[in-house]
Amino acid sequence: MESARIVGALARYAGDFALAEDLAQEALAEALVSWAVDGVPAQPTGWLLTVGRRRAIDSFRRRAARDDRYALLARDLEETQPGVDALFDPGAIDDDVLALMFVSCHPVLSREARIALTLRVVGGLTSDEIARAFLVPVPTIQARITRAKKTLSAARVPFAVPEPAERGERLGSVLQVVYLIFSEGSFASTGDTWMRTDLADEALRLARVLVRLAPEPEAFGLLALMELTAARFPARMDADGEPVLLEDQDRRLWDTAAIRRGRAALAHAASAGRGLGAYGLQASIAECHAVASSVAETDWNRIVLLYDALAQLAPSPVVELNRAVAVAMADGPAAGVALVDAMIERGELAGSSLLPATRGELLARLGRRDAAAAALEEALALSPSPSERTAIVAKLDRLRSG
């Protein structure tokens, strides 16, 4: 639980991101031996930090680095008065975690490297856990993390919270990584499971930490989106682990506490008076679903307007497709099919199962059963996910039996 704070403090202390993680691991290894004999200390985090900085001094000594930094570290180690060690000022701990997030999500790293490094050093997950989450070999994850650390070192990325002038751009990278982790948990892209709630929960934890450390409106918007989305998790799978679509979900199972948290976070994002960002707009769409008693009672006209705004702020084919679904709900399936067909003509989302799957559902609502079945068959052939294919097969079975 304290891993990010410990690694962050040691990174600030030693000035070396990769070394800080090694120091934290060495401190933990010593704790496993010492605490079994002497018991857990009253301040476990402080104990680990003290051991970690001693290991840092040993490392500098081995490198014969008897410079000003070594002298400062050694002098601080001799101090006994509480609070005199500026490098370990408790008030700086939160900034250390925030700096750790910014470093782990630095733009010089690839998306895959940012995710792996963030889960490793901020989330505290092991390489085995990250590999299982994304269904890749452990050596692959270890290689990504190692390369990420080397890239940060080669780029001379400082361990610090960026200056205000560049913080907005860098915060966007942090938010994107946290959302990517959550999205993979919400809709697993690989594997036999429909969701990975453990991964989504970890992303939620990171988002809650982030809004406390960097209370920016868009950070609250992301937290709102994640809370409101996670609120539906209890109803999204049946007892056999099969997916349950929105229109079939038992809304009594939705997590009302998560809905309250999400709406509160969304209100906080809106209170800044700057207008909602992309995450805030998506959270507003999720709120429309959360407060509706059924699909029929959902304010689809408002959702269409929100998608209009989102398409202007963060245009993408996926946003267009979601807007087409909302238009179909507000104005009828024929209107939605027209929008989907226009996307197909433009070559958008080519090779994706999303367009034919959506088109098949809308055609089924129009009573065009043969065309709907053909579209769903196309989606089935394109789908990379076993769980998604299971859902498509179920739709085909209902279509053919109805």
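The values are calculated or read from the model by the stated rules, or taken from the named source; none is laboratory data. Since this is a predicted model, take the numbers as computed values, not measurements. Every residue, glycine as well, gets a Cβ built from its backbone with ideal geometry; the counts of neighbours run over all protein chains shown.
What tally of residues in segment 95-113 results from selecting those that are more than 22 Å from Ala9 (Cβ to Cβ) and assigned to a helix (DSSP H, G or I)? Of the residues in segment 95-113, 3 are more than 22 Å from Ala9 (Cβ to Cβ) and assigned to a helix (DSSP H, G or I). For segment 114-141, a tally of residues being outside any helix (DSSP H, G or I), more than 13 Å from the chain's Cα centre (by Cα) and either without any contact (Cβ under 8 Å) to a residue 40 or more places away in the chain or within 22 Å of Val161 (Cβ to Cβ) (or both) returns 4.
For segment 1-35, name all the residues that are among the small types (Gly, Ala, Ser), part of a loop (DSSP other than H, G, I, E, B) and surrounded by 16 or more Cβ atoms within 10 Å (Cβ to Cβ).
Of segment 1-35, the ones among the small types (Gly, Ala, Ser) are 3-4, 8-9, 11, 14-15, 18, 20, 24, 27, 29, 31, 34.
Checking which are part of a loop (DSSP other than H, G, I, E, B) leaves us with 15.
Answer for segment 1-35, where residues must be among the small types (Gly, Ala, Ser), part of a loop (DSSP other than H, G, I, E, B) and surrounded by 16 or more Cβ atoms within 10 Å (Cβ to Cβ): there is none.
Screening Arg144 on (1) in a loop (DSSP other than H, G, I, E, B); (2) modelled with pLDDT of 80 or more shows it passes everything except condition (1). Can you pull out every residue in segment 123-141 that is of a type outside the set (Asp, Glu) and modelled with pLDDT under 80? Passing the criteria: Gly123, Gly124, Leu125, Arg132, Ala133, Phe134, Leu135.
Tallying residues that are buried (at least 17 other Cβ atoms within 10 Å of the Cβ) and of a type outside the set (Lys, Arg) within segment 356-372 yields 9.
Listed by position, the helices (runs of 4 or more DSSP H) contained in segment 150-245 that have at least 3 residues being out of contact with any strand residue (DSSP E or B) (no Cβ under 7 Å at 6 or more places or on another chain) and surrounded by fewer than 18 Cβ atoms within 10 Å (Cβ to Cβ) are 164-186, 197-213. Any idea how many residues of segment 262-276 are over 21 Å from Arg205 (Cα atoms) and either buried (at least 20 other Cβ atoms within 10 Å of the Cβ) or basic (Lys, Arg) (or both)? Final tally of qualifying residues: 2. Going by the structure shown, is Gly347 out of contact with any helix residue (DSSP H, G or I) (no Cβ under 7 Å at 6 or more places or on another chain) and farther than 20 Å from Trp194 by Cβ? Taking the combined requirement at face value, the residue satisfies it. Listed by position, the helices (runs of 4 or more DSSP H) enclosed by segment 320-402 that each have at least 1 residues that are closer than 27 Å to Ile303 by Cα, in contact with a Leu (Cβ under 7 Å, 6 or more places away or on another chain) and among the small types (Gly, Ala, Ser) are 333-345, 354-365, 369-382. Of Ala391, Ala374, Ala364, Ala357, all but one fail to be more than 19 Å from Leu246 (Cβ to Cβ) and of a type in the set (Gly, Ala, Ser); the exception is Ala374. Looking at the structure I just gave you, is Val51 assigned to a helix (DSSP H, G or I), modelled with pLDDT of 70 or more, closer than 25 Å to Arg170 by Cα and under 34 Å from the mean Cα position of the chain (by Cα)? So Val51 fails the test.
Looking at segment 246-261 only, could you name the residues that are assigned to a helix (DSSP H, G or I), surrounded by 12 or more Cβ atoms within 10 Å (Cβ to Cβ) and under 21 Å from the mean Cα position of the chain (by Cα)? Across segment 246-261, the qualifying residues are Ala258, Ile259, Arg260, Arg261.
Which of the residues belonging to segment 36-53 are surrounded by fewer than 17 Cβ atoms within 10 Å (Cβ to Cβ) and within 18 Å of Arg5 (Cβ to Cβ)? Please lay out each step first, then the result.
We begin by selecting, within segment 36-53, every residue surrounded by fewer than 17 Cβ atoms within 10 Å (Cβ to Cβ); these are 36-46, 50.
Residues satisfying the conditions are Val40, Pro41, Ala42, Gln43, Pro44, Thr45, Gly46, Thr50.
A residue that is buried (at least 17 other Cβ atoms within 10 Å of the Cβ), farther than 23 Å from Glu378 by Cβ and charged (D, E, K, R) occurs nowhere in segment 322-333. Comparison of Ser294, Ser316, Ser353, Ser385 shows that the only residue that is under 23 Å from Arg232 (Cβ atoms), crowded, with 20+ Cβ neighbours inside 10 Å and among the hydroxyl-bearing types (Ser, Thr, Tyr) is Ser353.
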